[in-house]
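The structure appears right after this line, and notes come after that.
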Amino acid sequence: MWKTSLVAVLLGTVSMGVANMAQAQQRPAPSVVKWELQVIRDGQQIDSFDGNTTVGQARTDTHHHVVQNSVGCKDVPAGNIDLARTLTVSPTQADASGVTFSIDAQETLEEPGTRTSSTGCKLPPQPRQVSANHPGLKVAPDGWTTWTIVDKDPNLVYRLRASVANNP
């Protein structure tokens, strides 16, 4: 009798496993999104990011641009500022109407204009930290979507386009 019960339990376990495998095979794999993000400062593109990221995953990239400024009364090259830009881009949803992204941005900007000391000598510009987050930026399948990060001094805009890549 115990053998019959053991066989029944084993057969039940095998059939449940087969049913679970069949369900897993019916679920489509998460979509892979091909995206491009352009950084526009005062109307000029200054940087770009791109990638292929699976819906529900995130990609983080950091770009560095070291700027050297002339400082002092003799315009000596110095005052290096690392203008770092870190973006985390995550497609959260993709369908026929477009792709929705969650984006986190950390920017180091150089303050506009020149500063001088009390004696009239040049001082390096001060770096400014900007943080921005967009939890649901919707990108239509047929064009670019813009997101303004800083309104002025400087005007900083992200342009993003995306499409669902062909899954194998």
So, with points 7 Å from each Cα along the Cβ direction, the Asp104-Ala78 label distance in nm works out to 3.7
Label model pair Ala96, Thr145: point-to-point distance (7 angstrom along the Cα→beta-carbon line) in nm is 1.8
Taking 0.36 nm per residue of separation between Asp42 and Asp61 and subtracting their Cα-Cα distance, the length gained on full extension comes to 4.6 nm
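Every read-out reported here was derived from the displayed coordinates using simple, explicitly stated rules and does not represent laboratory data. Because the structure is predicted, anything quoted here is derived from the model rather than measured. Using ideal geometry, Cβ is built from the backbone for each residue, glycine included, and neighbour counts are taken over all protein chains shown.
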